[in-house]
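Report on the following structure.
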Amino acid sequence: MTTIENTPESTPGQPQAKEYLHEHTPRLDWHSRAPEVFKAMVRLDAAARKGVDPVILELVKIRASQINHCALCVDMHSKDALAAGESVERIIQLSAWEESQHFYTAKEVAAIELAEAITVLTDGFVPDAVYDKAAALFDEEELTQLIAAITVINAWNRFGVSTRQVPGHYKAGDHK
């Protein structure tokens, strides 16, 4: 992939080519090899998102995907969030949300924190303080759906990273 851009070394009015690294290929086209699993994941995803605020949904999907290093899902959910009116600034700050809490509401911070706790289970559990904070801000139905949505994005991430799905080609709304 080559793009043209102005650089300090370029002559004014004459952009220089910038060569990007080659795009990797996916290891496996899991969608076509396990179509029933893929369809079940799509149905599970649709069921999990019901009743979850769309902004919070995209924030937790982006954050879990960042933690899991799923480039495809970071790409997809950042584009969906932008298309839904989310600001670039809030998406950029999401990877450092603990230092940038003033960009988010209390409910969003509780959801992001819960997403991290569910995504990173190295301590073996979701801490009571994290759960209690979310439970105080979401009713039981919302909280249940939020936990389901976080669980589902983690499953999507596992498919994405294990099969090396390629980011950069998704168009906002393609998989809604």
> Can you tell me which residue in region 34-52 is most open to solvent (accessible area, probe 1.4 Å), limited to those that are in contact (Cβ under 8 Å) with a residue 12 or more places away in the chain and not in a helix (DSSP H, G or I)?
Replying inline: Lys50
> Among all residue pairs at least 6 apart or on different chains, which show Cβ distances below 8 Å where the first residue, located in region 124-152, is farther than 19 Å from Thr105 by Cα and among the hydroxyl-bearing types (Ser, Thr, Tyr) and the second is open to solvent by 20 Å² or more (accessible area, probe 1.4 Å) and modelled with pLDDT of 95 or more?
Replying inline: Thr151/Ile118
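Being within 26 Å of Ala34 (Cα to Cα) and not aromatic (Phe, Trp, Tyr) is the requirement here; does Thr163 meet it?
On the way: within 26 Å of Ala34 (Cα to Cα): yes; not aromatic (Phe, Trp, Tyr): yes.
Considered against the rule, which asks whether it is within 26 Å of Ala34 (Cα to Cα) and not aromatic (Phe, Trp, Tyr), Thr163 comes out as yes.
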>> Just the residues that are outside any helix (DSSP H, G or I) and of a type in the set (Gly, Ala, Ser), please, taken from region 88-111.
In response: Ser100
>> What's the number of the only condition in (1) in contact (Cβ under 8 Å) with a residue 40 or more places away in the chain; (2) crowded, with 16+ Cβ neighbours inside 10 Å; (3) of a type in the set (D, E, K, R) that Glu86 fails to meet?
In response: (1)
> Before we move on, is Ser162 closer than 17 Å to Lys61 by Cβ and loosely packed, with under 13 Cβ neighbours inside 10 Å?
Replying inline: no
>> Among the residues of region 124-140, are any outside any helix (DSSP H, G or I) and of a type in the set (Gly, Ala, Ser)?
In response: yes
> Which of (1) at negative phi; (2) surrounded by fewer than 17 Cβ atoms within 10 Å (Cβ to Cβ); (3) touching a Lys or Arg at 6+ places or on another chain (Cβ under 8 Å) is the odd one out, the single condition Tyr104 does not satisfy?
Replying inline: (2)
>> Looking at Tyr20 and the list (1) within 16 Å of the chain's Cα centre (by Cα); (2) of a type in the set (Ser, Thr, Tyr); (3) more than 16 Å from Gln165 (Cα to Cα), which single condition is not satisfied?
In response: (1)
>> Could you check region 118-137 and list, in sequence order, the residues that are under 18 Å from the mean Cα position of the chain (by Cα) and crowded, with 18+ Cβ neighbours inside 10 Å?
In response: Ile118, Thr119
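Anything in region 56-70 that is surrounded by fewer than 18 Cβ atoms within 10 Å (Cβ to Cβ) and either touching an Asp or Glu at 6+ places or on another chain (Cβ under 7 Å) or part of a helix (DSSP H, G or I) (or both)? List them, or say none.
Ile67
The values are calculated or read from the model by the stated rules, or taken from the named source; none is laboratory data. All of these numbers come straight from a predicted model, not from anything done at the bench. Glycine gets a Cβ as well: all are built from the backbone with ideal geometry, and neighbour counts include every protein chain shown. Note: areas computed on protein heavy atoms with side chains; ligands, DNA, RNA excluded. Shrake-Rupley method; radii C 1.70, N 1.55, O 1.52, S 1.80 Å.
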